[in-house]
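Colleague: Take this structure first; my questions come after.
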Amino acid sequence: GKVCVTGATGFIATWLVKSLLERGYVVRATVRDLAKLEKVAHLRQLPGASERLELVEAELLSQGSFDAAMNGCVGVFHTASPFFFKNITDPQTQLIDPAVKGTLNVLKACVSANGVKKVVLTSSTAAVIYNRANKSGALVDETWFSDPEYCKEVQAWYVLSKTLAEKAAWDFAKENNLHMVTINPAMVLGRLLQPTLNTSSEAILTLLNGTSKTYPNAALGWVGVKDVVNAHILAYEDVGAFGRYLCVERVVHYSDIANLLSKMYPEYDVPTK
Ligand code: NDP
């Protein structure tokens, strides 16, 4: 059966569409603006795309926008959501509304389409780990949810958007008997197939191109994009998949990343502190 991928222009979604096409799926993919040829050309060039990829327009903030996209689909991968940390002047309209209202728009469309059997939602470890209880040494698992009040206190607006979106999705799925599984990846890295620079890749690039004079004093979880995409497809194909799946390959401090980068790319000016 046909599957739908939302936000197909994105970093993870492009890899997901590529992998679904390789596996023989017929894919309908949503993008914001089909007229922006430079944002969709790489999708049309994927192997199998000319036979089995259909691109349609949908916008997270406009109600009913996804209704046509879900029509005739048996599976939905909802990846579209704004992901940025910079230039946030109005968190509600820039991040929270598209994440939360957008997710509900997508899920409502899945219910009205009638044929959707399973939804795989791309959530994040952002929706899991931001909690006062998360002290060094704590064992974090899939039962954890980030605390919205704490996110507001520390002004972690992207984190808040993902937390509220996942919570709203679970409430909606339960009320409407929608079979949903979430994939909650840590920071995702891999080769870029899309022409734009996404936020997790930018976190590495700024250590190479001279933008950052120092590295952040933080240890984050990291995971490869191919693993994240496989997790999405497994969650869809495996009838036993349920609930949330954290996707983290390892936790690495930025000092180790900087060390590694300076060894791999001695010609670049990687920060040493
Ligand atoms: P990208 O920024 O590359 O992709 C985001 C996608 O969402 C783009 O296709 C973008 O469209 C779309 N989008 C944003 N706002 C809207 C809107 N208002 N209406 C319609 N579409 C919209 O991000 P990633 O691939 O990195 O992230 C994809 C998903 O994975 C997100 O849900 C993110 O929260 C999640 N995630 C990412 C991680 C990472 O490290 N990369 C880690 C954990 C979770 P357009 O191209 O037109 O802007």
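Bear in mind that the values in this text are calculations on the coordinates, not laboratory data. Everything quoted here is computed from the prediction, not taken from an experiment. Please note: Cβ atoms are built from the backbone with ideal geometry, for glycine as well, and neighbour counts cover all protein chains shown.
Colleague: Given all pairs of different Cα atoms, what value in angstroms does the Kirkwood hydrodynamic radius of the range 39-169 take? Intermediate results must be reported in sequence, preceding the final value.
Modeller: On the way: mean 1/r = 0.0612 Å⁻¹.
Evaluated on the range 39-169, it is 16.4 Å.
Colleague: May I ask you to derive the relative contact order of the range 155-262, considering only C-alpha pairs under 8 Å and at least 6 residues apart, and to give it as an integer percent?
Modeller: Working: 103 pairs, mean separation 37.1, N = 108.
Contact order relative to length: 34 percent.
Colleague: Further, regarding this structure: Please order W157, W15 by the number of other Cβ within 10 Å, starting at the fewest. Each step should come with its number before you reach the end.
Modeller: On the way: W157 21, W15 24.
Fewest-to-most Cβ neighbours within 10 Å comes out as W157, W15.
Colleague: Let me ask another. For the range 126-192, take N as its residue count and report Rg(C-alpha) divided by 2.2 N^0.38 Å.
Modeller: Details: Rg = 13.4 Å, N = 67, 2.2 N^0.38 = 10.9 Å.
In units of the globular-protein estimate, the range 126-192 measures up at 1.23.
Colleague: Against the empirical 2.2 N^0.38 Å scaling, what ratio does the C-alpha Rg of the range 1-111 come to?
Modeller: So the Cα radius of gyration is 1.05 times the expected 2.2 N^0.38 Å.
Colleague: Next question, about the same structure. Only Cα pairs within less than 10 Å get springs; with that Gaussian network setup on the chain, which residue of Q45, Q94, Q63 has the largest fluctuation?
Modeller: Residue with maximal mean-square fluctuation among Q45, Q94, Q63: Q45.
Colleague: The range 210-273: Rg/Rh from Cα coordinates, Kirkwood Rh?
Modeller: Working: Rg = 16.6 Å, Rh = 14.2 Å.
Dividing the radius of gyration by the Kirkwood radius yields 1.17.
Colleague: Follow-up. Connecting C-alpha atoms closer than 10 Å in a GNM of the chain, tell me which of L178, L205, L164 has the biggest fluctuation.
Modeller: Fluctuation is largest for L205.
Colleague: Which of the helices in the chain, when you take each full DSSP H run, stretch at least 20 Å along the axis at their Cα atoms and have an average Kyte-Doolittle score of 0.0 or higher?
Modeller: On the way: long enough: 97-113 (23 Å, 0.58); 157-175 (27 Å, -0.26).
Span-like helices in the chain: 97-113.
Colleague: Once you've got the GNM for the chain with C-alpha springs shorter than 10 Å, pick whichever of S255, S146, S161 has the biggest mean-square fluctuation.
Modeller: S255
Colleague: Considering only DSSP beta bridges where both residues belong to the chain, give the percentage that are antiparallel (nearest 5). Present the calculation step by step, with values, prior to reporting the outcome.
Modeller: Values: 4 of 33 bridges.
Of the beta bridges lying entirely in the chain, close to 10 percent run antiparallel.
Colleague: Considering all alpha-carbon pairs of the range 56-121, what whole percent are spaced by more than 20 angstrom? Mind dumping the intermediate values first?
Modeller: On the way: 607 of 2145 pairs.
That fraction is 28 percent.
Colleague: Around K2, which amide H atoms from residues at least 5 apart in sequence, or from another chain, sit under 5 Å from its own amide H, with H modelled in the peptide plane?
Modeller: V74
Colleague: Mind listing the long-range amide H neighbours of L246? Cut-off is under 5 Å, sequence gap 5 or more, other chains count too, H placed in the peptide plane at 1.01 Å from N.
Modeller: Long-range HN contacts for L246: N184.
Colleague: Two decimals, Cα atoms only, Kirkwood Rh: what is Rg/Rh over the chain?
Modeller: Numbers: Rg = 18.5 Å, Rh = 19.3 Å.
Across the chain, the Cα-based Rg/Rh ratio is 0.96.
Colleague: Provide the three semi-axes, in whole Å and in decreasing order, of the ellipsoid equivalent to the range 162-243 as defined by the square roots of 5 times the Cα gyration tensor eigenvalues.
Modeller: Numbers: eigenvalues 201, 50, 25 Å².
Largest first, the range 162-243 gives 32, 16, 11 Å.
Colleague: Another question about this same structure. Quick one: compute the contact order of the range 1-103, relative version, from alpha carbon pairs under 8 angstrom and 6+ residues apart, as a percent.
Modeller: Details: 161 pairs, mean separation 33.8, N = 103.
Once normalised by length, the contact order is 33 percent.
Colleague: Which far-off residues, 5 or more places away or on another chain, put their amide H under 5 Å from the one on L121, with H placed in the peptide plane?
Modeller: Amide H neighbours of L121, under 5 Å, 5+ apart: H78, V181, T182, I183.
Colleague: What percent do you get for the relative contact order of the chain when only Cα pairs under 8 Å and 6+ apart count? Intermediate values should be presented prior to the final figure.
Modeller: On the way: 520 pairs, mean separation 49.9, N = 273.
Relative contact order here is 18 percent.
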